[in-house]
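*Asks:* Please see the structure below; I have some questions.
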Amino acid sequence: MNALILVDIQNDFSPSGSLPVPEGDQVISPINKLQPHFDLVVATKDWHPLNHKSFAREHGKNPGDKILLNGIEQILWPVHCVQHSSGAEFIPGLDTKLIDQIFNKGMDKYVDSYSGFFDNDHKTQTGLNAYLKQKGVHEVYLTGLATDYCVKFTAKDALMLGYETYIIQDATRGVNLNEGDVKKALAEMEREGIKIVESSGIV
């Protein structure tokens, strides 16, 4: 049993969003083609309270600055994916008919949540792992935004939880806050045993 995981394909991560991922909207077409080829399709969403402590404005600082948040190094971001806002909605054009379940993350204002499985302190689960286990999933394929943050940490947790884990490279895009971040993230994942594939090998 395999599952396609759509990571944070939300308006605020589109090129015109508050935390733009370059070419973020270009994942839509390959993802729509991929969905019918999987046993299960699930999605994650950043779903932050308005006063989330990963937001730079909460500290009078600039996006990209770093602080310690609950003992964990935290990159500060622009306000994004606030619960019930248009920025938190899926990017228009994403086919949502085949999505079996959506898992929200980043709801604790004191802890960020890059991974679709856990908050960053690994103390709170989103429910995604329990759902996949219940469905008998053994392989997961990751798509979405952003390669160097939420996709990477979701993939690393999937591997740690025992799933055979794949990144569909042409169906992801990265923030690339520092030049080369996406390449480094892909190399790091590959070293750890995550397989990097293209959608052309699936569709």
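The values are calculated or read from the model by the stated rules, or taken from the named source; none is laboratory data. Predicted, not measured: the structure shown is a model, and the values here were computed from it. Ideal geometry is used to build each Cβ from the backbone, glycine not excepted, and the neighbour counts take in all protein chains shown.
*Asks:* I need every pair where a residue in region 4-19 that is buried (at least 20 other Cβ atoms within 10 Å of the Cβ) has its Cβ under 9 Å from the Cβ of a residue that is part of a loop (DSSP other than H, G, I, E, B) and among the basic types (Lys, Arg), sequence separation at least 6 or different chains.
*Replies:* The qualifying pairs do not exist here.
*Asks:* What single numbered condition from (1) in contact (Cβ under 8 Å) with a residue 60 or more places away in the chain; (2) crowded, with 21+ Cβ neighbours inside 10 Å; (3) under 21 Å from Ile99 (Cβ atoms); (4) in contact with a Leu (Cβ under 8 Å, 6 or more places away or on another chain) fails to hold for Lys135?
*Replies:* The one condition Lys135 does not meet is (2).
*Asks:* Pull up region 45-73, narrow it to residues that are exposed (fewer than 12 other Cβ atoms within 10 Å of the Cβ) and assigned to a strand (DSSP E or B), then point me to the one that is nearest to the chain's Cα centre (by Cα).
*Replies:* Only one residue tops the list, namely Glu73.
*Asks:* Name the residue that is surrounded by the fewest Cβ atoms within 10 Å (Cβ to Cβ), counting only residues in region 144-203 that are among the acidic types (Asp, Glu) and farther than 16 Å from Leu4 by Cβ.
*Replies:* Glu179
*Asks:* Need the failing condition index for Gly71 against (1) modelled with pLDDT of 95 or more; (2) over 24 Å from Ser14 (Cα atoms); (3) of a type outside the set (S, T, N, Q), just the number.
*Replies:* Failed condition: (1).
*Asks:* Among residues belonging to region 174-203 that are in a loop (DSSP other than H, G, I, E, B) and among the acidic types (Asp, Glu), point out the one that is nearest to Pro36 (Cα to Cα).
*Replies:* Glu198
*Asks:* Collect the residues in region 1-36 that are in a loop (DSSP other than H, G, I, E, B), hydrophobic (A, V, I, L, M, F, W, C) and out of contact with any Gly (no Cβ under 6 Å at 6 or more places or on another chain), keeping them in residue-number order.
*Replies:* Answer for region 1-36, where residues must be in a loop (DSSP other than H, G, I, E, B), hydrophobic (A, V, I, L, M, F, W, C) and out of contact with any Gly (no Cβ under 6 Å at 6 or more places or on another chain): Leu19, Val21.
*Asks:* Kindly list, by first and then second residue, each pair from a residue in region 35-48 that is farther than 13 Å from Thr126 by Cα to a residue that is surrounded by fewer than 23 Cβ atoms within 10 Å (Cβ to Cβ) and charged (D, E, K, R), limited to pairs with Cβ atoms under 7 Å and residues at least 6 apart or on different chains.
*Replies:* Matching pairs, first to second residue: Gln35/Asp95; Leu40/Asp100; Leu40/Lys135; Val41/Asp100.
*Asks:* Across region 89-104, which residue is farthest from Val42 (Cα to Cα) among those that are crowded, with 18+ Cβ neighbours inside 10 Å and touching a helix residue (DSSP H, G or I) at 6+ places or on another chain (Cβ under 7 Å)?
*Replies:* Result: Ile91.
*Asks:* Give just the number: which of (1) touching a Pro at 6+ places or on another chain (Cβ under 8 Å); (2) more than 28 Å from Lys53 (Cα to Cα); (3) in a loop (DSSP other than H, G, I, E, B) does Ala171 not satisfy?
*Replies:* Tallying (1) touching a Pro at 6+ places or on another chain (Cβ under 8 Å); (2) more than 28 Å from Lys53 (Cα to Cα); (3) in a loop (DSSP other than H, G, I, E, B), Ala171 fails exactly one: (3).
*Asks:* Is it the case, given these coordinates, that Gly64 is in contact with a helix residue (DSSP H, G or I) (Cβ under 6 Å, 6 or more places away or on another chain) and touching a residue at least 24 places away in the same chain (Cβ under 8 Å)?
*Replies:* No, not satisfied.
*Asks:* Can you tell me which residues in region 75-129 are in contact (Cβ under 8 Å) with a residue 40 or more places away in the chain and not in a loop (DSSP other than H, G, I, E, B)?
*Replies:* Ile75, Trp77, Ser86, Gly87, Ala88, Phe90, Gln101, Ile102, Phe103, Asn104, Lys105, Leu128
Yes/no matrix, rows are residues, columns are (1) modelled with pLDDT under 95; (2) closer than 18 Å to Leu34 by Cβ; (3) in contact with a helix residue (DSSP H, G or I) (Cβ under 6 Å, 6 or more places away or on another chain):
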| site | (1), (2), (3) |
| --- | --- |
| Gly106 | no, no, no |
| Tyr114 | no, no, yes |
| Thr126 | no, no, no |
| Lys133 | no, no, no |
| Lys156 | no, no, no |
| Leu159 | no, no, no |
| Tyr163 | no, yes, no |
